Amino acid sequence: MYWYLIIALQLLSIGSNPSLALIDFLPSNHTNNWAVLVDTSRFWFNYRHVANVLSIYRSVKRLGIPDSQIILMVADDMACNARNPTPATVYNNANQNIDVYGDDVEVDYRGYEVTVENFVRLLTGRVQPETPRSKRLLSDEHSNILIYMTGHGGDGFLKFQDSEEITNVELADAFEQMWQKKKYNEIFFMVDTCQAASMYDKFYSPNILAVASSLVGEDSLSHHVDSSIGVYIIDRYTYYALEFLEKVRPDSDKTMGQFLEVCPKWNCISTVGVRKDLFPRDPTRVRITDFFGSVRKIQIIKEAFDMVAKAVLWKKLCHQVSQVRLYLFCCFFCTKW
């Protein structure tokens, strides 16, 4: 009698908690993954922006996207800054458990190379002929691209180097060029800045899912200070996004829908903005690894494959073919004779 009650309660708990139920994931048409990760801020007091972008870089590498398909743009070198008490390191938490700079970081655009012009050229494929492959976005119509940006922004713009800015119209037009030139299958756009939602307001190209750390009129705030460094060390939205990503494995069933809810207002203080009207799939049925991981095509062979037996068979076949060719040659020669 009691086991009926137990089963009923379990079914009710699954129904009330979608994360416990089996998810009918929607298929994706992508065959490869790329990431474009951009920090637009210079100066020591913007340490947190470098920590933001390096933290996302570490996550996507851990989940399988190789350096050859990650474009990392870092506007300042905090690891080698004279004010850094622990040279050659960048931390995203005051406990300093994880050095997100590490010993294998590959920065593609550094310092004054991080400009609006270089960023737009990168996205649209209009780079200079002498640009090396490591600084090119070699995506195609089957590529899913994660684009992450962090820095100082306002209503409709994001500053680069405190000297110029990219507007939401320019960004939207760059994405449209990418679509027209078949440079992506789907884009996940993620931006952590003040009034961040204004950066996706003008998007009009298909297959784009976007999330922003704050709505128009809101500031995006820092999380905490590291007293040994003397500055804020990471922004609130990226901090909670990373907290979620640290629990994701390459074979994870976590969804983009879950990721879009990682930082409620009581944590972020700002209101996270989401735009999904351009995205044809339901985010609650899209694997997070469709953007943060890397596709691995695996062909399952159910029958045993004996390499030695196949090699012997192939050798015999080649021998038989050579014998036939010799016989035909002799017949032709004798006929002519």
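Within segment 32-292, what percent of beta bridges assigned by DSSP are antiparallel, to the nearest 5? Roughly 35 percent of the beta bridges in segment 32-292 run antiparallel, per DSSP.
Taking a ≥ b ≥ c as the square roots of the eigenvalues of the alpha-carbon gyration tensor, segment 132-281 is classed prolate because a/c is 1.5 or more and a/b outweighs b/c. Under 5 Å from the amide H of residue 101 lie the amide H atoms of 90, each residue being 5 or more positions distant or on a separate chain, with H modelled from the backbone and absent for Pro and chain starts.
Under 1.5 on a/c is rounded, so check that first for segment 32-292, then, if it is not, pick prolate when a/b is larger than b/c and oblate when it is not; a ≥ b ≥ c are the square roots of the alpha carbon gyration tensor eigenvalues. Cα axes put segment 32-292 in the rounded bin.
Going by average Cβ neighbours within 10 Å, how do the peptides 274-285, 231-242, 189-200 rank, with the highest at the top?
Numbers: 274-285: 15.5, 231-242: 23.2, 189-200: 25.2.
By packing density, highest mean first, the sequence is 189-200, 231-242, 274-285.
Quick one: putting +1 on the C-beta of Lys and Arg, -1 on the C-beta of Asp and Glu, what dipole do you get for segment 32-292 around its Cα centre, in Debye to the nearest 20? Using Cβ point charges on Lys, Arg, Asp and Glu, segment 32-292 gives about 440 debye.
Distance check, please: which entries in 61/181; 61/247; 159/182; 182/254; 202/276 exceed 19 angstrom between their Cα atoms?
Numbers: 61/181 27 Å; 61/247 14 Å; 159/182 28 Å; 182/254 28 Å; 202/276 13 Å.
In this structure, 61/181; 159/182; 182/254 exceed 19 Å between Cα atoms.
For the peptides 72-85, 100-113, the ranking by mean Cβ contacts within 10 Å, running from highest to lowest, is 72-85, 100-113. Amide H contacts of residue 71: 35, 36, 37, each under 5 Å away and 5 or more positions distant or on a separate chain (H built 1.01 Å from N in the peptide plane; Pro and chain starts excluded). Give me the distance between the Cα centres of segment 44-111 and segment 175-213, rounded to whole Å. Using only Cα atoms to place each centre, the spacing works out to 24 Å. Give the residue from 289, 40, 115 lying farthest towards the positive end of the charge dipole for segment 32-292; charges sit on Cβ (+1 for Lys and Arg, -1 for Asp and Glu) and the dipole is referred to the Cα centre. The one lying farthest along the dipole's positive direction is 289.
Based on Cα contacts under 8 Å between residues 6+ apart, segment 32-292 shows a relative contact order of 21 percent.
Just so you know, all these numbers are worked out from the coordinates, no wet-lab data involved. None of the values given here were measured: they were computed from a predicted structure. Don't worry about glycine lacking a Cβ; one is built from the backbone with ideal geometry, like all the others, and counts go over all protein chains shown.
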